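What follows is a single structure, written as structure tokens, with notes after it.
The values are calculated or read from the model by the stated rules, or taken from the named source; none is laboratory data. These figures come from a predicted structure and were not determined experimentally. Reconstructed Cβ throughout: ideal geometry from the backbone, glycine too, with neighbour counts over all protein chains shown. For accessibility, only protein heavy atoms count, side chains too; no ligands or nucleic acids. Shrake-Rupley method; radii C 1.70, N 1.55, O 1.52, S 1.80 Å.
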Amino acid sequence: NVNYKAGSLEINTLSNTQTQNNLANGIINTQNDQKNYSNVFRQKLDVTYTRQIDTTSNIKIAADGAYRHTETNNSSSTVSHEGLDTLLNTSSQITTNNADQHIMNVSAFYTKKLKKKGRTYSVFVSGLADHTLGKPHQLSNIEYYNPSTGALTSTQQVDQVNNNDRMHTQFNSNITYSEPLSASTALVFNYGLNMDYNSANLRAYNQSTPGVYNVLVDSLTSFYKVNQVSNQLGVGVSYSKDKTVLNYGVRATNVDQKQIDENTGQVSQRSFINWNPKASYLYKFSQMQFIRLNYDGNTTQPSIGQLQPVKSNSNPLFIVVGNPDLKQSFTNNVSIFYSTYKVLTGQNFYINGAYSNTISPIVNNINTDITTGKSTSQAANINKLQYNFNLNPGANMKIKGPDINIGLSGSINGGVNYNLANGVLNTTNTANYSGRFLISKDVLKKYDIFLSAGPGYNVLASSLQNNNNYRTFYSYNYFNFYLPGKTQFTSDVNYNYTSKSQGFDQSHSETVWNVTFSKLLLKESNLKLSLTGNDLLNQRTGFSRSAVGSRIVQTSNNTIQRYFMFSVTWDFNKMGGGVPAKN
């Protein structure tokens with residue numbers, strides 16, 4: 001199978017972001033307006049070859065290569081205040097960039113069944129090469145003001161060109177062997193060798209003469225390589241009998257990591273062992289009632305961007321520096337799902353939930369100057385337990401008289417996360433409580449109706465400052481009517497509302513209404529003409545509100561609003577002579 005794809009995408013976006021930065025000694029409110037343009041051209045070729053060698057073995061070989069050229073032009077303006085009216089800084093920035101990316105993937109997968117039933121082995125190998133070259137040009141101007149007098153105290157200007165050369169190569173392999181111990185139990189062994197190489201050669205240049213950028217900025221220049229070799233060994237047990245299915249396994253990975261500073265010749269090495277235990281349990285009370293439990297644990301390594309101890313000047317008001325002393329963190333994930341369904345009455349009840357915690361999490365350590373609004377961020381490990389949870393119950397039933405389905409569902413999710421703000425540990429508690437009521441009725445080849453609505457309440461609480469809680473309401477309604485002459489009318493309406501909060505004094509609401517008229521043609525009704533009106537009220541917006549560390553962020557951006565589309569769809573499954581064809 002061979003596929004070739006080529007595509008071009010041009011995007012213009014406008015966005016407004018309001019940020020409340022909670023500090024132990026005050027609050028900094030920032031408003032940022034951005035205008036972004038990007039033009040992406042991409043080509044991709046992929047090839048897949050599969051072969052059944054004999055009745056006991058198969059092989060699959062796949063390869064793909066892609067080229068992406070990106071042109072961007074982004075401009076932004078920012079204003080920061082201490083509290084509501086004490087001006088700290090203003091900034092404007094324009095960044096242009098042309099980047100080229102080449103990606104190549106190759107993989108092979110071989111499976112073999114041996115004579116003894118259930119005894120199998122497989123071999124998988126893959127390789128990746130990803131090379132990106134970019135040349136961003138940054139122009140920025142920042143003005144700092146005296147918080148007491150409001151007078152301009154200083155300015156900071158940047159006019160720099162960067163040469164960014166990033167390379168990532170990877171080799172992965174895995175051998176798996178399965179040995180049956182009995183009709184219900186089997187052992188599974190696997191071994192994998194993985195090699196990962198990353199390099200980032202970043203050069204920043206100032207002007208020597210107008211238009212000539214050849215003065216190297218040492219503090220913003222780096223050439224780092226991170227080489228990692230992993231040996232992975234795993235064993236698992238699977239058991240399946242009657243109503244019970246049980247799986248358990250553990251993988252241990254020995255990792256040798258070398259970090260090289262090509263500019264100074266400094267080399268740092270470290271070795272560690274990652275553990276990845278997994279377990280699942282399924283019990284079937286009957287065909288329509290079951291419970292499933294899952295557990296897995298995994299280690300998260302710090303990224304090259306978090307380790308690299310060199311400043312980035314992409315945002316002069318928010319400087320990110322590396323931390324070469326970062327350690328890995330470990331996350332435990334537990335989930336449960338229970339479902340029961342009664343066919344005769346149409347009653348269904350389900351509940352699913354999950355809990356995860358992270359030991360020694362990697363968090364942001366942000367130091368902010370309250371007099372200028374300038375921040376420096378560095379990743380750090382903390383000795384705290386960070387966790388998240390969710391719980392989602394629901395029930396549905398059929399009412400025979402009017403022959404309708406009704407249902408209730410709920411959701412509770414949240415967690416506790418940490419960050420450091422000016423050396424003070426900040427605890428962020430988030431929670432979301434929501435409920436939905438739904439009603440539906442379907443009459444074959446006549447109409448389909450689905451209605452749902454429900455409220456929600458969100459908690460965003462920072463230990464450094466006050467809560468930032470708000471209410472929401474959501475509604476989704478769908479109608480589909482079959483009209484004479486093989487004609488259909490379909491409509492759906494989405495309504496979203498977000499209230500004011502302590503940090504944001506504006507509420508947000510939108511109603512998105514879509515309508516489609518369609519007509520089927522030909523004897524087999526496999527030719528379809530459709531006319532669709534999207535967002536007829538022209539209210540669709542990109543809106544979000546979230547907590548990130550000690551910062552509470554609200555973003556609004558433009559998106560595709562009202563438009564109309566005419567489409568022709570032809571469905572077919574065979575051509576002349578009975579030769580099968582793809583849609």
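The single residue among Asn496, Asn538 that is closer than 26 Å to Ser452 by Cβ and part of a strand (DSSP E or B) turns out to be Asn496. Using the structure shown, decide if Thr70 is crowded, with 16+ Cβ neighbours inside 10 Å, of a type outside the set (A, V, I, L, M, F, W, C) and touching a residue at least 12 places away in the same chain (Cβ under 8 Å). Taking the combined requirement at face value, the residue satisfies it. Restricting attention to region 18-45, the residues that are within 19 Å of Ser92 (Cα to Cα) and open to solvent by 30 Å² or more (accessible area, probe 1.4 Å) add up to 9. Out of curiosity, is Ala395 over 30 Å from Gly456 (Cα atoms), open to solvent by less than 60 Å² (accessible area, probe 1.4 Å), among the small types (Gly, Ala, Ser) and out of contact with any Asp or Glu (no Cβ under 8 Å at 6 or more places or on another chain)? The answer is no for Ala395.
Identify the residue in region 530-551 that is among the charged types (D, E, K, R) and over 21 Å from Ser491 (Cβ atoms) and, among all such residues, is farthest from the chain's Cα centre (by Cα).
The first filter runs over region 530-551 and keeps only residues among the charged types (D, E, K, R), leaving 535, 540, 545, 551.
Okay, now just the ones that are also over 21 Å from Ser491 (Cβ atoms), so 545, 551.
Values: Arg545: 16, Arg551: 20 Å.
Per the criteria, the residue is Arg551.
Scan region 556-583 for residues that are surrounded by 14 or more Cβ atoms within 10 Å (Cβ to Cβ) and either touching a Pro at 6+ places or on another chain (Cβ under 7 Å) or at pLDDT 90 or above (or both) and the total you get is 1.
Of the numbered criteria (1) open to solvent by 60 Å² or more (accessible area, probe 1.4 Å); (2) part of a loop (DSSP other than H, G, I, E, B), the one Asn323 fails is (1). For region 79-94, does any single residue satisfy the condition of being closer than 25 Å to Leu152 by Cα, free of Cβ contacts under 8 Å to residues at least 12 places away in the same chain and either open to solvent by 60 Å² or more (accessible area, probe 1.4 Å) or in a strand (DSSP E or B) (or both)? Scanning region 79-94 turns up at least one residue that is closer than 25 Å to Leu152 by Cα, free of Cβ contacts under 8 Å to residues at least 12 places away in the same chain and either open to solvent by 60 Å² or more (accessible area, probe 1.4 Å) or in a strand (DSSP E or B) (or both).
When only residues in region 157-204 that are farther than 25 Å from Gln257 by Cα and open to solvent by 50 Å² or more (accessible area, probe 1.4 Å) count, which is modelled with the lowest pLDDT? Looking at residues that are farther than 25 Å from Gln257 by Cα and open to solvent by 50 Å² or more (accessible area, probe 1.4 Å), I get Ala183. Among the strands (runs of 3 or more DSSP E) confined to region 411-489, the ones with at least 3 residues that are more than 30 Å from Asn396 (Cα to Cα) are located at 424-443, 447-462. The requirement of being of a type outside the set (Asp, Glu) and outside any strand (DSSP E or B) is fulfilled somewhere in region 256-263, by at least one residue.
Which of (1) within 28 Å of Thr253 (Cβ to Cβ); (2) β-branched (Val, Ile, Thr); (3) open to solvent by 50 Å² or more (accessible area, probe 1.4 Å) does Val226 not meet, given it meets every other one? Failed condition: (3).
Among the residues making up region 95-141, those that are among the small types (Gly, Ala, Ser), within 30 Å of Asn36 (Cβ to Cβ) and either out of contact with any strand residue (DSSP E or B) (no Cβ under 8 Å at 6 or more places or on another chain) or open to solvent by less than 30 Å² (accessible area, probe 1.4 Å) (or both) are Ala99, Gly134, Ser140.
Quick one: is Asn274 under 26 Å from Asn198 (Cα atoms), in contact (Cβ under 8 Å) with a residue 40 or more places away in the chain and in contact with a Gly (Cβ under 7 Å, 6 or more places away or on another chain)?
Numbers: under 26 Å from Asn198 (Cα atoms): yes; in contact (Cβ under 8 Å) with a residue 40 or more places away in the chain: yes; in contact with a Gly (Cβ under 7 Å, 6 or more places away or on another chain): no.
So Asn274 fails the test.
One residue is enough: does region 331-350 have a residue meeting the conditions touching a Gly at 6+ places or on another chain (Cβ under 6 Å), under 30 Å from Ser91 (Cα atoms) and either assigned to a strand (DSSP E or B) or open to solvent by 40 Å² or more (accessible area, probe 1.4 Å) (or both)? No, region 331-350 contains no residue that is touching a Gly at 6+ places or on another chain (Cβ under 6 Å), under 30 Å from Ser91 (Cα atoms) and either assigned to a strand (DSSP E or B) or open to solvent by 40 Å² or more (accessible area, probe 1.4 Å) (or both). When Leu293, Leu317 are screened for being under 30 Å from Ile142 (Cβ atoms) and touching a residue at least 40 places away in the same chain (Cβ under 8 Å), only Leu317 passes.
A quick yes/no check of all residues on (1) under 25 Å from the mean Cα position of the chain (by Cα); (2) open to solvent by less than 50 Å² (accessible area, probe 1.4 Å); (3) acidic (Asp, Glu):
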site: Asn432; (1), (2), (3): yes, yes, no
site: Leu444; (1), (2), (3): no, no, no
site: Phe450; (1), (2), (3): no, no, no
site: Gly456; (1), (2), (3): yes, yes, no
site: Gly503; (1), (2), (3): no, yes, no
site: Lys528; (1), (2), (3): no, no, no
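Any residue at all in region 392-400 that's in a strand (DSSP E or B), closer than 24 Å to Asn332 by Cα and not β-branched (Val, Ile, Thr)? Give the steps one after another, and end with the answer.
Going through region 392-400, the residues in a strand (DSSP E or B) turn out to be 392-399.
Of the ones still in play, those that are also closer than 24 Å to Asn332 by Cα are 392-393.
Filter once more, so that each one left must be not β-branched (Val, Ile, Thr): 392-393.
Yes, region 392-400 contains at least one residue that is in a strand (DSSP E or B), closer than 24 Å to Asn332 by Cα and not β-branched (Val, Ile, Thr).
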